[in-house]
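Report on the structure given below.
The values are calculated or read from the model by the stated rules, or taken from the named source; none is laboratory data. Everything numeric here is computed off the predicted structure, so don't read it as measured data. In this analysis, Cβ positions are derived from the backbone assuming ideal geometry, glycine residues included, and neighbour counts consider all displayed protein chains. When the accessible area is computed, the model is the full protein with side chains, heavy atoms only, and any ligands, DNA or RNA have been set aside. Shrake-Rupley method; radii C 1.70, N 1.55, O 1.52, S 1.80 Å.
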Amino acid sequence: MSPIRPLIAGNWKMHGLESALDEARLLAATVEARSPSARVAIFPPATLLSRLAHALEGLPIEIGGQDCRPEPSGAFTGDVSPEMLVDAGASLVILGHSERRAYHHESDVLVAAKVAGALRAGLEPVVCVGESLEERRAGLAVATVERQVRACLADVSGGQGVVVAYEPVWAIGSGLTPSVSEIEAVHGAIRGALQTVLGAAGGAVPILYGGSVKGANAAEILSAEHVDGALVGGASLKASDFIAIIQAA
Ligand code: PEP
(Lines give C-alpha, C1' and ligand atoms only; values in the text may rest on other atoms or scores of the structure.)
Protein backbone atom coordinates (compact mmCIF):
# COMPACT_ATOMS: atom_id res chain seq x y z
CA MET A 1 0.00 0.00 0.00
CA SER A 2 1.52 3.31 -1.09
CA PRO A 3 1.80 6.11 1.53
CA ILE A 4 0.68 8.59 -1.15
CA ARG A 5 -2.99 9.61 -0.82
CA PRO A 6 -4.75 8.32 -3.94
CA LEU A 7 -6.23 10.80 -6.41
CA ILE A 8 -9.25 9.86 -8.53
CA ALA A 9 -9.54 12.40 -11.33
CA GLY A 10 -12.43 12.70 -13.79
CA ASN A 11 -11.64 14.18 -17.20
CA TRP A 12 -14.92 15.28 -18.76
CA LYS A 13 -13.18 16.22 -22.04
CA MET A 14 -15.54 18.17 -24.37
CA HIS A 15 -18.68 16.98 -22.58
CA GLY A 16 -21.04 18.93 -20.37
CA LEU A 17 -23.58 21.75 -20.53
CA GLU A 18 -25.35 23.49 -17.64
CA SER A 19 -27.23 20.24 -16.83
CA ALA A 20 -23.93 18.51 -15.97
CA LEU A 21 -23.81 20.62 -12.80
CA ASP A 22 -26.61 18.46 -11.35
CA GLU A 23 -24.53 15.32 -11.91
CA ALA A 24 -21.57 17.01 -10.21
CA ARG A 25 -23.73 18.06 -7.24
CA LEU A 26 -24.94 14.45 -6.90
CA LEU A 27 -21.35 13.22 -7.01
CA ALA A 28 -20.23 15.78 -4.43
CA ALA A 29 -23.06 14.92 -2.05
CA THR A 30 -22.18 11.21 -2.27
CA VAL A 31 -18.47 11.89 -1.80
CA GLU A 32 -19.23 14.02 1.24
CA ALA A 33 -21.50 11.35 2.73
CA ARG A 34 -19.05 8.48 2.19
CA SER A 35 -15.75 10.34 2.90
CA PRO A 36 -13.59 8.10 0.72
CA SER A 37 -9.88 7.77 1.41
CA ALA A 38 -9.04 9.23 -2.03
CA ARG A 39 -8.86 12.86 -3.13
CA VAL A 40 -11.46 13.43 -5.85
CA ALA A 41 -11.11 15.93 -8.70
CA ILE A 42 -13.21 16.84 -11.73
CA PHE A 43 -11.81 18.44 -14.90
CA PRO A 44 -14.80 20.00 -16.72
CA PRO A 45 -14.65 21.94 -20.00
CA ALA A 46 -13.41 25.51 -19.45
CA THR A 47 -16.95 26.88 -19.94
CA LEU A 48 -18.15 25.12 -16.78
CA LEU A 49 -15.16 25.77 -14.52
CA SER A 50 -16.38 28.74 -12.54
CA ARG A 51 -19.98 27.51 -12.37
CA LEU A 52 -18.76 24.16 -11.08
CA ALA A 53 -16.46 25.84 -8.56
CA HIS A 54 -19.44 27.84 -7.33
CA ALA A 55 -21.77 24.79 -7.25
CA LEU A 56 -19.28 22.67 -5.30
CA GLU A 57 -18.05 25.35 -2.90
CA GLY A 58 -17.22 23.81 0.49
CA LEU A 59 -17.62 20.24 -0.81
CA PRO A 60 -14.72 17.77 -0.90
CA ILE A 61 -14.13 17.82 -4.67
CA GLU A 62 -11.25 19.62 -6.34
CA ILE A 63 -11.58 21.22 -9.77
CA GLY A 64 -9.12 21.39 -12.62
CA GLY A 65 -8.66 22.66 -16.16
CA GLN A 66 -7.99 20.34 -19.11
CA ASP A 67 -5.17 22.42 -20.63
CA CYS A 68 -3.58 25.88 -20.52
CA ARG A 69 -0.94 27.94 -22.28
CA PRO A 70 2.34 28.62 -20.46
CA GLU A 71 1.98 32.44 -20.49
CA PRO A 72 0.02 34.41 -17.85
CA SER A 73 -1.73 36.53 -20.54
CA GLY A 74 -1.23 37.72 -24.10
CA ALA A 75 -2.43 37.74 -27.71
CA PHE A 76 -3.36 34.04 -27.88
CA THR A 77 -6.92 33.94 -29.20
CA GLY A 78 -8.97 31.07 -27.86
CA ASP A 79 -6.47 29.97 -25.20
CA VAL A 80 -6.57 30.17 -21.41
CA SER A 81 -3.69 30.89 -19.06
CA PRO A 82 -2.83 29.11 -15.79
CA GLU A 83 -3.73 32.29 -13.89
CA MET A 84 -7.17 32.35 -15.57
CA LEU A 85 -7.80 28.75 -14.47
CA VAL A 86 -6.96 29.71 -10.87
CA ASP A 87 -9.21 32.75 -11.20
CA ALA A 88 -12.06 30.44 -12.30
CA GLY A 89 -11.63 28.20 -9.26
CA ALA A 90 -9.24 25.49 -10.50
CA SER A 91 -6.47 24.04 -8.35
CA LEU A 92 -5.19 21.47 -10.87
CA VAL A 93 -4.66 21.23 -14.63
CA ILE A 94 -4.23 18.26 -16.99
CA LEU A 95 -1.25 18.81 -19.33
CA GLY A 96 0.04 16.79 -22.27
CA HIS A 97 -3.07 14.62 -22.64
CA SER A 98 -2.67 12.36 -25.68
CA GLU A 99 -5.64 14.06 -27.36
CA ARG A 100 -3.80 17.40 -27.08
CA ARG A 101 -0.62 15.77 -28.37
CA ALA A 102 -2.52 14.19 -31.30
CA TYR A 103 -4.93 16.97 -32.33
CA HIS A 104 -2.82 20.00 -31.39
CA HIS A 105 0.63 18.52 -32.07
CA GLU A 106 1.85 19.29 -28.55
CA SER A 107 5.48 18.34 -27.95
CA ASP A 108 7.21 17.45 -24.69
CA VAL A 109 8.99 20.83 -24.85
CA LEU A 110 5.65 22.66 -24.96
CA VAL A 111 4.26 20.47 -22.16
CA ALA A 112 7.33 21.31 -20.03
CA ALA A 113 6.66 25.04 -20.57
CA LYS A 114 3.02 24.54 -19.59
CA VAL A 115 4.10 22.68 -16.43
CA ALA A 116 6.31 25.64 -15.49
CA GLY A 117 3.40 28.05 -16.13
CA ALA A 118 1.00 25.94 -14.07
CA LEU A 119 3.43 25.82 -11.12
CA ARG A 120 4.01 29.59 -11.38
CA ALA A 121 0.25 30.15 -11.00
CA GLY A 122 -0.04 27.69 -8.09
CA LEU A 123 -1.79 24.93 -10.04
CA GLU A 124 -1.01 21.23 -9.53
CA PRO A 125 -0.22 19.86 -13.01
CA VAL A 126 -1.35 16.33 -13.92
CA VAL A 127 1.20 15.48 -16.61
CA CYS A 128 0.08 12.75 -19.02
CA VAL A 129 2.51 10.31 -20.62
CA GLY A 130 1.93 7.08 -22.51
CA GLU A 131 2.99 5.00 -25.46
CA SER A 132 1.15 4.40 -28.75
CA LEU A 133 0.15 0.90 -29.82
CA GLU A 134 3.07 0.85 -32.29
CA GLU A 135 5.51 1.75 -29.52
CA ARG A 136 4.11 -0.96 -27.22
CA ARG A 137 4.31 -3.57 -30.01
CA ALA A 138 7.91 -2.55 -30.65
CA GLY A 139 8.78 -3.06 -26.97
CA LEU A 140 9.22 0.69 -26.46
CA ALA A 141 6.55 1.40 -23.81
CA VAL A 142 8.96 1.94 -20.91
CA ALA A 143 11.51 3.88 -22.96
CA THR A 144 8.75 6.16 -24.31
CA VAL A 145 7.28 7.11 -20.93
CA GLU A 146 10.71 7.53 -19.33
CA ARG A 147 11.66 9.95 -22.11
CA GLN A 148 8.37 11.86 -21.72
CA VAL A 149 8.71 12.13 -17.93
CA ARG A 150 12.29 13.39 -18.18
CA ALA A 151 11.39 15.94 -20.88
CA CYS A 152 8.08 17.18 -19.45
CA LEU A 153 9.46 17.64 -15.92
CA ALA A 154 12.89 18.93 -16.96
CA ASP A 155 12.29 22.36 -15.39
CA VAL A 156 10.64 21.19 -12.18
CA SER A 157 12.60 21.33 -8.95
CA GLY A 158 11.65 19.49 -5.80
CA GLY A 159 8.54 17.75 -7.18
CA GLN A 160 6.34 20.38 -5.54
CA GLY A 161 2.70 19.55 -6.27
CA VAL A 162 3.16 17.56 -9.46
CA VAL A 163 1.16 14.48 -10.53
CA VAL A 164 2.01 12.09 -13.39
CA ALA A 165 -0.67 10.09 -15.23
CA TYR A 166 0.35 7.02 -17.24
CA GLU A 167 -2.16 6.74 -20.07
CA PRO A 168 -1.33 4.24 -22.82
CA VAL A 169 -2.77 5.92 -25.92
CA TRP A 170 -4.30 2.66 -27.14
CA ALA A 171 -6.19 2.16 -23.84
CA ILE A 172 -7.96 5.54 -23.86
CA GLY A 173 -11.65 5.14 -24.68
CA SER A 174 -11.03 1.70 -26.23
CA GLY A 175 -12.16 -0.62 -23.43
CA LEU A 176 -8.66 -2.17 -23.53
CA THR A 177 -6.27 -2.04 -20.57
CA PRO A 178 -2.74 -3.34 -20.02
CA SER A 179 -2.40 -6.28 -17.63
CA VAL A 180 -1.66 -5.45 -14.00
CA SER A 181 1.93 -6.60 -14.43
CA GLU A 182 2.34 -4.37 -17.50
CA ILE A 183 0.95 -1.40 -15.53
CA GLU A 184 3.30 -2.17 -12.62
CA ALA A 185 6.31 -2.37 -14.94
CA VAL A 186 5.61 1.04 -16.48
CA HIS A 187 4.69 2.71 -13.17
CA GLY A 188 7.88 1.34 -11.61
CA ALA A 189 9.89 2.83 -14.48
CA ILE A 190 8.09 6.18 -14.06
CA ARG A 191 8.94 6.16 -10.34
CA GLY A 192 12.60 5.58 -11.25
CA ALA A 193 12.56 8.38 -13.83
CA LEU A 194 10.93 10.75 -11.32
CA GLN A 195 13.65 10.02 -8.78
CA THR A 196 16.31 10.62 -11.43
CA VAL A 197 14.81 14.00 -12.34
CA LEU A 198 13.59 15.19 -8.93
CA GLY A 199 15.77 13.30 -6.46
CA ALA A 200 14.11 12.04 -3.27
CA ALA A 201 11.03 14.22 -3.96
CA GLY A 202 10.33 11.98 -6.96
CA GLY A 203 9.28 9.28 -4.50
CA ALA A 204 6.31 11.38 -3.35
CA VAL A 205 4.83 12.27 -6.76
CA PRO A 206 1.48 10.49 -7.28
CA ILE A 207 1.43 8.30 -10.40
CA LEU A 208 -2.09 7.76 -11.76
CA TYR A 209 -3.15 5.12 -14.26
CA GLY A 210 -5.58 6.18 -17.01
CA GLY A 211 -7.21 4.33 -19.89
CA SER A 212 -10.60 2.56 -19.78
CA VAL A 213 -10.82 2.50 -15.97
CA LYS A 214 -14.32 1.56 -14.83
CA GLY A 215 -16.04 0.20 -11.75
CA ALA A 216 -15.39 -3.39 -12.80
CA ASN A 217 -11.59 -3.08 -13.12
CA ALA A 218 -10.83 -0.23 -10.69
CA ALA A 219 -10.04 -2.31 -7.59
CA GLU A 220 -7.54 -4.49 -9.43
CA ILE A 221 -5.80 -1.55 -11.11
CA LEU A 222 -5.77 0.66 -8.01
CA SER A 223 -4.22 -2.06 -5.88
CA ALA A 224 -1.30 -2.49 -8.30
CA GLU A 225 2.17 -1.50 -7.14
CA HIS A 226 3.13 2.18 -7.77
CA VAL A 227 -0.47 3.06 -8.75
CA ASP A 228 -1.59 6.08 -6.72
CA GLY A 229 -4.95 6.74 -8.32
CA ALA A 230 -6.71 6.96 -11.66
CA LEU A 231 -7.42 9.44 -14.44
CA VAL A 232 -10.87 8.53 -15.74
CA GLY A 233 -12.57 9.73 -18.92
CA GLY A 234 -15.87 8.13 -19.97
CA ALA A 235 -16.68 6.61 -16.58
CA SER A 236 -16.41 10.00 -14.83
CA LEU A 237 -19.42 11.50 -16.59
CA LYS A 238 -22.07 9.70 -14.53
CA ALA A 239 -21.89 10.12 -10.75
CA SER A 240 -22.84 6.47 -10.07
CA ASP A 241 -20.09 5.13 -12.38
CA PHE A 242 -17.47 7.49 -10.97
CA ILE A 243 -18.40 6.77 -7.35
CA ALA A 244 -17.79 3.04 -7.94
CA ILE A 245 -14.19 3.89 -8.94
CA ILE A 246 -13.71 6.31 -6.03
CA GLN A 247 -14.92 3.68 -3.59
CA ALA A 248 -12.38 1.17 -4.97
CA ALA A 249 -9.41 3.41 -4.06
C1 PEP B 1 -8.71 9.95 -20.57
O2 PEP B 1 -9.17 10.55 -21.53
O3 PEP B 1 -7.85 10.50 -19.86
C4 PEP B 1 -9.19 8.61 -20.29
C5 PEP B 1 -8.53 7.89 -19.44
O6 PEP B 1 -10.34 8.20 -20.96
P7 PEP B 1 -11.14 6.82 -20.74
O8 PEP B 1 -11.25 6.58 -19.25
O9 PEP B 1 -12.48 7.07 -21.36
O10 PEP B 1 -10.36 5.74 -21.40
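Things worth noting here:
- Within straight-line cross-link reach of K214, lysines at Cα separation under 17 Å, skipping those fewer than 8 residues along the same chain: K13, K238
- Loop GluC sites (Glu not before Pro), segment 31-101, which have at most 13 other Cβ atoms in a 10 Å radius of their Cβ (DSSP): E57
- Note on segment 7-248: Cα-Cα pairs beyond 33 Å make up 11% of the total pair count.
- The H on the amide N of I94, modeled in the peptide plane, is under 5 Å from the matching H of G65, Q66, D67, V126, each at least 5 residues off or on a different chain.
- Low-density loop positions, GluC sites (Glu not before Pro), segment 163-249 - DSSP coil, at most 14 other Cβ in 10 Å: E225
- Probe 1.4 Å - accessible area at R101, Å² to nearest ten: 50 Å²
- Normalised by the number of residues in segment 7-248, the average gap of Cα pairs under 8 Å and 6 or more apart makes the relative contact order 20 percent.
- For A230, the amide hydrogen comes within under 5 Å of the amide hydrogens of L7, I8, A9, Y209, counting only partners 5 or more places away or on other chains and with H modelled in the peptide plane.
- The phi-based Karplus calculation (6.51 cos²θ - 1.76 cosθ + 1.60; θ = phi - 60°) puts the 3J(HN,Hα) values of segment 14-31 at 8, 10, x, 10, 2, 5, 5, 5, 5, 5, 5, 5, 5, 4, 5, 5, 5, 4 Hz, whole numbers, x for Gly and Pro.
- Restricting the calculation to alpha carbons of segment 146-204 gives Rg and Dmax of 12.5, 36 angstrom.
- Largest first, the residues M84, M14 sort by 1.4 Å accessible area into M14, M84.
- Share of carbon and sulfur in the accessible area of the chain stands at 55%, probe radius 1.4 Å.
- Cα centroid separation - segment 104-124 against segment 173-245, whole Å: 21 Å
- Residue-normalised convex hull volume from the C-alpha trace of segment 82-219: 117 Å³ per residue.
- Cα gyration tensor shape of segment 1-141, rounded if a/c is under 1.5, else prolate or oblate by comparing a/b with b/c: oblate
- Segment 138-249 - Kirkwood radius from inverse mean 1/r over Cα pairs (Å): 14.4 Å
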